[in-house]
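FYI, it's all coordinate maths here, none of it is from the lab. What you see is a predicted model; the values in this text were computed from it and never measured. For neighbour counting, all protein chains shown are included, and Cβ atoms are generated from backbone atoms with ideal geometry for every residue, glycine included.
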Amino acid sequence: MKGLIRGIEGIRDAHCGAVVTVGNFDGVHYGHQRIIETVKKLATEKGVKSMAVTFDPHPIKVIAPDRAPKLLTDTEEKARLLMRYGIDHVLVIDFTREFAGMPPEGFVHDILVNRLCTKAVVVGSGYSFGKARRGTTDFLRRQGRKYGFGVQVIRNAMLLKKVVSSTRIRVVLANGNVSKAAVLLERPYMIRGTVVTGAGRGARILKTPTANFLTKAEVIPKDGVYAVRVNLGSKLFDGVANLGDNPTFRGADRSYEVHLLDFSENLVGDEIEVRFIERLRGEVKFPSPEALMDQISIDIADAREALAKTPAWK
């Protein structure tokens, strides 16, 4: 991926002298985007590139794996989004136990100063780094004065009267409130997957063909039925997604499936991106396949209505 730098050893002279932001950026949500805006503005003013420094795996997965959160975005998706929002380069540092033991002075001197020749650093107000998280924002300001780079600390972003955070978004998605998640993310929550051969109930029994897909996403919205948009290649299609255990068909395996509206091609083997627009209903056990078929017709109509009033995120 152009613009992605894997590991400290991947840093080149061309990456030197940027305005830098450092963080985990899980979800690249509304708050992160406010930081990115400041980074871009400073970089433009100084006539230099912008860079985001992040870590893989998430530091908590190394320091306290039993407390590690499920991630909204994997490293590739996070880098893709950071650059989509205007960051020129994304440096992904391998987070190991050895790296976790680096004192904050070492991170500033060895990486920000010696390797990256940083012109300015922008971080969120709660950011801390280095061994025992001793690298506070006040510490960073002192280091900036020592080495000659500027430091800007961005206040926590508020939406709907609360601080926007990755944790808050995880809770919202666990409750199935994908429309609220879209507000906090400033885009629909999305997961990627590969279409596989399913049980065939959609077309054979329910007369509504669906694409079953497997995903490595760690955060899946609450089981239920959703109005979605599906990115297939470079095209967007409206659809209805069902997440859950298919209780109408006793003994059925857990599945993720999506019906694309006005679409009939075989997608097995294709990569898709499912964007969640609105929750339509919870998962229900119907008395018969026929009753489920009737409900599917209602779901499709409801999805069309929800999607018609929601602009597509490009």
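What full-extension length gain, to one decimal in nm, is calculated for ARG145 and ALA312 as 0.36 nm per residue of separation minus the Cα-Cα distance? Walk me through the intermediate numbers first.
Values: separation 167, 0.36 × 167 = 60.12 nm, distance 4.50 nm.
Extending this stretch completely gives an extra 55.6 nm.
With the helix formula -39500 (n - 2.57) applied to DSSP H stretches of n ≥ 4, the chain reaches a computed 222 nm mean residue ellipticity of -8000 deg cm²/dmol.
Full extension of the chain segment joining SER288 with THR167 gains 39.7 nm, where the gain is 0.36 nm per residue of separation less the Cα-Cα distance.
Cross-link partners of LYS49 among lysines, defined as those whose alpha carbon lies under 19 angstrom from its own and excluding same-chain residues fewer than eight positions apart: LYS2, LYS40, LYS41, LYS78, LYS119.
Taking a straight line from the alpha carbon of LYS309, these lysines sit under 18 Å away, with near neighbours fewer than eight places off in the same chain left out: LYS180.
Can you tell me how region 1-146 classifies by the Cα gyration tensor, rounded, prolate or oblate, using a/c under 1.5 as the rounded cut?
rounded
Per residue, what volume in Å³ does the convex hull of the Cα atoms of the chain enclose? Write out the running numbers ahead of the final one.
Numbers: hull volume 45.8 nm³, N = 314.
Value for the chain: 146 Å³ per residue.
Rg over Rh for region 170-314 works out to 0.93, using Cα positions for both radii and the Kirkwood form for Rh.
Sequence-ordered 3J(HN,Hα) estimates for region 21-37 from the Karplus curve with 6.51, -1.76 and 1.60 and θ = phi - 60° stand at 10, 10, x, 7, 6, 5, x, 6, 8, 3, x, 4, 5, 5, 5, 4, 4 Hz, glycine and proline given as x.
Think of the chain as a dipole: +1 on every Lys or Arg Cβ, -1 on every Asp or Glu Cβ, centred on the Cα centre; then among THR44, PHE99, SER165, THR44 lies furthest on the positive end. Note that region 60-207 carries a Kirkwood radius of 18.6 Å, evaluated over its alpha carbons pair by pair.
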